[in-house]
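K.L.:
The structure's right below; bear with me while I get my questions together.
The values are calculated or read from the model by the stated rules, or taken from the named source; none is laboratory data. This structure is a prediction, so every number in the text was calculated from the model and none was measured. Here the Cβ is made from the backbone with ideal geometry for all residues, glycine too, and neighbour counts use every protein chain on show.
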Amino acid sequence: MTLNWLHKFSDWNPQVFRELKGRLKHRNVLLTVQGSLITQLFVLLYFWSVLPRPFRPYDHILDPYCTGGESSPFKCLYDSLGNPIVNWQRWWFDVFQAISWILPFVLLVAGVYLLIGDLGKEERRGTLNFIRLSPQTSQKILLGKLLGVPAVPYLAVLLALPLHGLVAIAAGVPISDVLSFYLLTMAVCAFCYTAALLYALLGGVQGWAGAVVIWMSYTLFFQLWHSWASWESSWSNPTLRLQWFYFLINGSRTAALAFALLTLGAGTYGLWQAVNRRFRHPDLTLLSKRQSYGLTLCLEVWLLGFVFRDLTNYHRPFNYLIWLGFCNLLWFMVLVAALTPQRQMLIDWARYRRERVTSARQFWSRSIVKDLLWSEKSPALVAITLNLLITAIVVTPWVLSWSRPNSSPLQGLVTIILGSTFTLICAAIAQLMMFMKSPKRAVWAAGTVAAVVVLPPVALTVLQFSSSEIPLAWLFSIGAFRVFQQGVPLTIAFTAFLGHLGILSLLSLRLTRQLKRAGESETKALLAASRG
């Protein structure tokens, strides 16, 4: 019976069976069981040690687990034998919270570390290419990695679930809240594990780097969570009202859970598309141009939902536009990296264009629009432009609806236009850097774009050129939002727009010449080789 079950399981996904067989060895299982049980015992002993002590004369004990009156709730009361009357429900609830923080931490840190390290080891040994050539689909292989590689932390957490459930019952925590916690933990793990796979496939072989990022993010979230007065206050405090298209997300736990699951699910789906594509075709871009258009539309709608709030919390909508601008800048930097082809792909595309035309004038023919919008080997500049147009189409109706005296629709439109042209300049620079012959052209591209984004406002600040004194200089940097907040004359904004177009035209012309030259050189080389 067991053998039949194992055969069926291995037939369903051989990769999972391979990973489990290699990781769940007797020594690993024994150490995992010991570590999990010792950790659970340590948590219980720690909370047992902080219980209030028995009564002593002249000892005025204040303890969070005491059962004092309303005037002094932390003052200890004692029975006739001198033993403190303990608030056991609160004690069990604190134990439940501690375990609830430990379980995701173990899954996330250990799982991300193992996934990145495993793919890095497969890449170094050369076995990853053999796995790619197997008859299994890429989805099954990647799913096998996600389910099998973190088998040890899975086992450690499974061993802690009985204690977690018993503690929840003793603390009076509803079973629905416990199940919601498990569901949310699985969603977060799916998102982080998929991101870890993508990082590893992009060349990240240091598992500790991913683990450190997860640890720091988890610690930051832990601190932010405990900075609130209490869990209950986050649902009732009006300053913490989180709305999405006027819908109160944290109005109830059910709404918050549903929104979190939908957001994490959409993010995991986008990452999964990139991971699957990268695994099957390591030389292609992370995303196809068609995928980028859909992802941009979904992201813009998701971001825009947060700016639609009650009028009581909606004094200055322009500040929300600045927030959208920063989010979009980060997103478009990701898009530039995900859509920019490698040098050889650009050369192949230029040669293909050269072979399809009969004269140099026809190099930029009508069919090239289709190539630039959809082809995976063509330059990414036009695709980035279309993504920016999608962003503008989504955001502009909201900007035109502004009626506040301190936020002008015209001011918002100028911000969108100049922000879009600045993003295109960064994309053009990245594309030119990726056309270099240097083997580290990706590093050059990332460094140059980062310098264009960061250095100008830093230099202007160091030189003490304020945005009110020299607004035009600030409009050529990411610090332009300071000028927009103060208000900028249309003449200066139009001058900056012309400057942006001039820079973009020069970069585009440079890229066009390089593509033509590369296409001609590649074609001549192929013809010479065929004749020889």
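K.L.:
Check whether at least one residue in the stretch 281-295 is without any contact (Cβ under 8 Å) to a residue 12 or more places away in the chain and hydrophobic (A, V, I, L, M, F, W, C), and report yes or no. Spell out the reasoning first.
P.N.:
Keep residues of the stretch 281-295 that are without any contact (Cβ under 8 Å) to a residue 12 or more places away in the chain, which gives 281, 294.
This time we only want the ones that are hydrophobic (A, V, I, L, M, F, W, C), so: none.
No: the stretch 281-295 contains no residue that is without any contact (Cβ under 8 Å) to a residue 12 or more places away in the chain and hydrophobic (A, V, I, L, M, F, W, C).
K.L.:
Under 7 Å between Cβ atoms, which residue pairs at least 6 apart in sequence (or on different chains) link something in the stretch 482-504 that is under 25 Å from Asn319 (Cβ atoms) with a partner that is β-branched (Val, Ile, Thr)?
P.N.:
Cβ pairs passing all conditions: Phe484/Thr415; Ala493/Val414; Phe497/Ile417; Phe497/Thr421; His500/Thr421; His500/Ile425.
K.L.:
Scan the stretch 475-507 residue by residue and report those that are in a helix (DSSP H, G or I), buried (at least 18 other Cβ atoms within 10 Å of the Cβ) and either among the small types (Gly, Ala, Ser) or out of contact with any helix residue (DSSP H, G or I) (no Cβ under 8 Å at 6 or more places or on another chain) (or both).
P.N.:
Ala480, Ala493, Ala496
K.L.:
Would you point out which residue out of Leu158, Leu220, Leu163, Leu183 is closer than 15 Å to Ile102 by Cβ, in the same structural domain as Ser100 (by TED's automatic domain parsing) and loosely packed, with under 15 Cβ neighbours inside 10 Å? Don't jump to the end; show me each part of the working.
P.N.:
Details: Leu220 fails: closer than 15 Å to Ile102 by Cβ; Leu163 fails: loosely packed, with under 15 Cβ neighbours inside 10 Å; Leu183 fails: closer than 15 Å to Ile102 by Cβ.
Answer to the check: Leu158.
K.L.:
Another question, if that's okay. Based on what the data block shows, is Ser180 over 29 Å from Leu31 (Cβ atoms), touching a helix residue (DSSP H, G or I) at 6+ places or on another chain (Cβ under 7 Å) and part of a helix (DSSP H, G or I)? Break it down stepwise before answering.
P.N.:
On the way: over 29 Å from Leu31 (Cβ atoms): yes; touching a helix residue (DSSP H, G or I) at 6+ places or on another chain (Cβ under 7 Å): yes; part of a helix (DSSP H, G or I): yes.
Yes, satisfied.
K.L.:
Only one of Trp91, Trp101 is part of a helix (DSSP H, G or I), modelled with pLDDT of 80 or more and farther than 17 Å from Ala156 by Cα; which?
P.N.:
Exactly one of Trp91, Trp101 is part of a helix (DSSP H, G or I), modelled with pLDDT of 80 or more and farther than 17 Å from Ala156 by Cα, namely Trp91.
K.L.:
Quick check, is Leu472 in contact with a Ser or Thr (Cβ under 7 Å, 6 or more places away or on another chain), part of a helix (DSSP H, G or I) and over 30 Å from Ala350 (Cβ atoms)? First the steps, then the outcome.
P.N.:
Working: in contact with a Ser or Thr (Cβ under 7 Å, 6 or more places away or on another chain): yes; part of a helix (DSSP H, G or I): yes; over 30 Å from Ala350 (Cβ atoms): yes.
Yes.
K.L.:
Restricting the search to the stretch 254-294, which residues are aliphatic (A, V, I, L, M), over 29 Å from Gln243 (Cβ atoms) and buried (at least 18 other Cβ atoms within 10 Å of the Cβ)?
P.N.:
Ala274, Val275, Leu286, Leu287
K.L.:
Out of Ile347, Ile322, report the one residue that is more than 23 Å from Gln139 (Cα to Cα), aliphatic (A, V, I, L, M), in the same structural domain as Pro397 (by TED's automatic domain parsing) and touching a residue at least 60 places away in the same chain (Cβ under 8 Å).
P.N.:
Exactly one of Ile347, Ile322 is more than 23 Å from Gln139 (Cα to Cα), aliphatic (A, V, I, L, M), in the same structural domain as Pro397 (by TED's automatic domain parsing) and touching a residue at least 60 places away in the same chain (Cβ under 8 Å), namely Ile347.
K.L.:
Scan the stretch 11-28 for residues that are in a helix (DSSP H, G or I) and under 33 Å from the mean Cα position of the chain (by Cα) and report the count.
P.N.:
Within the stretch 11-28, the first condition is being in a helix (DSSP H, G or I), and the residues that meet it are 11-12, 14-23, 26-28.
Okay, now just the ones that are also under 33 Å from the mean Cα position of the chain (by Cα), so 12, 14-23, 28.
Total satisfying the criteria: 12.
K.L.:
Ok, one more. Of (1) on the phi > 0 side of the Ramachandran plot; (2) surrounded by 13 or more Cβ atoms within 10 Å (Cβ to Cβ), Gln464 satisfies all except one. Which?
P.N.:
Of the numbered conditions (1) on the phi > 0 side of the Ramachandran plot; (2) surrounded by 13 or more Cβ atoms within 10 Å (Cβ to Cβ), the odd one out for Gln464 is (2).
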